[in-house]
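Undergrad: Pasting in a structure now, in structure tokens, and then I'll have a few things to ask.
The values are calculated or read from the model by the stated rules, or taken from the named source; none is laboratory data. Keep in mind that this is a model prediction, so the values were computed, not measured. Positions of Cβ are generated from backbone atoms using ideal geometry, with glycine treated the same way; all protein chains shown enter the neighbour counts. Protein only, heavy atoms only, side chains kept; ligands, DNA and RNA dropped before computing areas. Shrake-Rupley method; radii C 1.70, N 1.55, O 1.52, S 1.80 Å.
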Amino acid sequence: QQEPFPLRNISEIQPAVSRYSVLPTAASVKATKLFGIPLKSSLTNETLSDETIEFYINSAISELEHALDISITPVQYYEKHDYASRDFTWSYNFMHLDHSPILYVEKVELSFSNDINIPGFVSFPLEHVHVMGQEGTVQLVPAFGTSIGGFLLSAFSGAQFHALRSAGITSFPGAIRVQYVSGFAPDKIPYMISQLISTLAAINILSILGPILFPHSSTSISIDSVSQSVGSFGPKHLNDRIQQLTEERDRLLDTARSYYIKKFMTDFF
């Protein structure tokens, strides 16, 4: 398995400083981002349910996956990539997979047929698969004791390949098939990602449900010459909290973009 964060780490020197968290829950969001906010409607006397908070957590995860173009919860993918003989010769078949970070690769296969039901797949040993998890890239590198010539010969010994070579064809669409899992391990979510999810969920909850929970901030009752005014949490209090959360979201999102979207800036080198 590849640990996608921190990049190329092998161990934590000071284990007491944990870099990982788990996905936020309704309880954790209420205890942090919504702390001090009475989640009870003054109109219906109903308390905001954990199921509703979980809905906004799931919505925040989806929003963040789209914004950063990453998988957060582990997802299994199966992709086809084009074969070109020059790539095997010069770059060990460098492939940029469609989803990152790569948690682990399950199989890499080669077939010069568009029909997955026709036998003739060549499966590469996983010890030959070089994975750069954070960058989302894969290369085929011979294991120790295997020559590059023997490595390629064993891979391309099928009748399909020889028929293509005799016809002078050096490329084939979708010949390389990769099955892999992208995302973070359930107990290995970077703290920054976990905080972003909680912040996004809290912003959406307060923005949409705030006016329902607190329809007014003050009430005034007057009878003849006697009057009484009562102040309560209201739009001002909510607006202040939403502004704080929005500033935190923007700061964390800028940091996450600079870390996870940098892969697009390295494609052309």
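Undergrad: Under 16 Å from the Cα of LYS33, which aspartates and glutamates turn up, not counting those fewer than eight places away in the same chain?
TA: List returned: ASP50, GLU54, ASP240, GLU247, GLU248, ASP250.
Undergrad: With +1 on each Lys and Arg Cβ and -1 on each Asp and Glu Cβ, and nothing else charged, work out how big the dipole of the stretch 56-142 is about its Cα centre, in Debye to the nearest 20.
TA: Values: 3 positive and 12 negative charges, 41 e Å.
Here the size comes out at about 200 debye.
Undergrad: Please compute the length gained on full extension between VAL141 and LEU209, using 0.36 nm multiplied by the number of residues separating them and subtracting their Cα-Cα distance.
TA: Going from the current span to full extension adds 19.1 nm.
Undergrad: Please tell me which of these pairs span more than 20 angstrom C-alpha to C-alpha: LYS30/LYS188; LYS107/LYS188; LYS80/LYS107?
TA: Over 20 Å Cα-Cα: LYS30/LYS188; LYS107/LYS188.
Undergrad: If you don't mind, there's one more thing I want to ask. How big is the accessible area of ARG251 in square angstrom, nearest 10, if you roll a 1.4 angstrom probe over the protein chains?
TA: Taking all protein chains as shown, ARG251 has close to 140 Å².
Undergrad: Same structure, new question: Report the net charge of residues surrounding ALA67, where surrounding means a beta-carbon distance below 13 angstrom and charges are Lys +1, Arg +1, Asp -1, Glu -1.
TA: Result for the neighbourhood of ALA67: -3.
Undergrad: What does the accessible area of ILE70 come to, in Å² to the nearest 10, when a probe of 1.4 Å is used?
TA: The accessible area comes out at roughly 10 Å².
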